[in-house]
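Contents: one structure, followed by commentary.
Please treat every number below as a calculation from the coordinates, not as lab data. Please read all numbers here as calculations on a predicted model, not as lab measurements.
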Amino acid sequence: MLRPIDYVVIALYGTVIAAISLAFSRRQKTAAEYFVASRSMPAWAVAMAMMAALISSNTLVGHPATVFQKGMILFLGSLTLPLVLIFVARVIVPFYRNVVGMSAYEYLGARFGIGGRLYASGCFIADRLFDVGVTMLTTAVPICVIAGWRLEDRLQQVILVFAGFTVVYTVIGGMKAVVWTSVVQGFVFVGAAAIIAARLLFAPECGAPGAVVTAAWEAGRFSLGNFDFTWRSLVDPALTTQWLIILAYTANWARRYIADQHMVQRYLIARTDRDASRGALWNGLICVPVWGIFMVIGACLYGYYATSGAPPPAVSDEVMPHFIVHHLPAGIVGLMAAAILAASMSSVSPDLNSIATAFTADLAGYLRPDMSDRTRLLVGRAAVAGAGALATLVALVMAPKGGAATIMERAVTVAAILSGGMLGLFFLGFFTRRATRQGCYAGLAACAVFTAWGTLTEPTRRTLDLGFNFGMNPILIGLLGHVIVFVVGYTASRLFGGYVPPNVDQLTFRRQPHGASPGA
């Protein structure tokens, strides 16, 4: 339960974030300043901004819970990020910085026309709105647990307060405020991780220092999971092997860093191509140790409850907030609550800015191409507020209800529909000069049909039984969606032809543009 000193700590954190936003509020005079920070950020700030997009309340709460229950099954998947970022830093970052001005989907518009651009931008906006809403919800739940409030009584109020504060400082401060608040928030949750790790490793009630590690090791909580490599292990819906996790993580990192606006926008805020590339690489070197620390904390939490005699929570997802409330002193509990808020705000705030960027550049910009810069800035601020309201509505609708599936079960189902095929679409345009606009549309249509069929008929939570159902591991639905977009799109392009832009050489991997003006 929160004590007065804890509320003081949380208030101090909120004051610092508000002060940073107000400091930058008067400097946002143009759309370029508001959305891409006038391309002025150093490499280390770019790296922190990218880390903020990946580190959320799920890192502080979800990773420890997963290890507490099943071991370090997600660690190897996390290690694939630096490998993906080598390709991203060398090829993707300079490509985007020369081809687009503010939105990643300017590229798809140049390659496949306005239909491809609007489709990609619309899917990104829908996917991010849903994800931000889920993040708001998964932040409010542990805050209620730490504060000692019943979810039925306070969950909605916590969501509204958290969402309102985050939306306001994002509307006011723009991208520069997002970046610099992310730096502060990053130090807060890394500091929180160090405190919790030290408390667990030197817990006197568990015996000698490091006793929790020994207990966790003996119980298999440092196990990396199942390494079976057979056809059955790849497709069995009841078995998720390390190979499948690694494949899924690699595809997810590639999609996020290559085809998602909220990452591409961070490449554009850097002052030089070199800073952007370095920021991408440093981001991987920062994120993996942070994830590793919280995974080790999850193992140590298992060891703590196995050796201390203290009763663990009934639900694994509550192990981190439960430990914070019952085994940390006053003041530190407030810091932990601030860390959870910091991790979520550093993810939600840039996502809201990216949603507004996509809406302003792709949708509003298409409808009003002659829009003045001042109007564009006003539309962007309004879009942040509107996106925040919609995401808050998602959080309220997704709130746990009696008899409903868990939050993450429903989140996975919806996310599979909203984000399928985007990596395949980018690869179709980037790696093939023969892909046509008509082929692109054929691939997207095939992916939409496949994703809907797979999601509704997959075996673990089957909604429809059509007689010809998706019988493989559900994690393959999203992966195969990318393949379908590429294969169907390329095949249709070769069979039926269609429009290819005259500057296709500048829009593909074979000839990256050098010196092209942004937005070309």
Worksheet item: To the nearest 10 degrees, how steeply does helix 114-147 sit against the main Cα axis of the chain, on a 0 to 90 scale?
Response: 10
Worksheet item: Between Phe202 and Phe496, 0.36 nm times their residue separation minus their Cα-Cα distance comes to what?
Response: 99.1 nm
Practice prompt. Rounded to the nearest 10 degrees, what's the angle between the helix 475-496 long axis and the longest principal axis of the chain, both from Cα atoms, 0 to 90?
Written response: 0
Worksheet item: Any idea what angle helix 4-25 forms with the longest principal axis of the chain, computed on alpha-carbon atoms, 0 to 90 degrees, nearest 10?
Response: 20
Fill in: Cα gyration tensor category, rounded, prolate or oblate, for the range 289-344 with a/c compared to 1.5
oblate
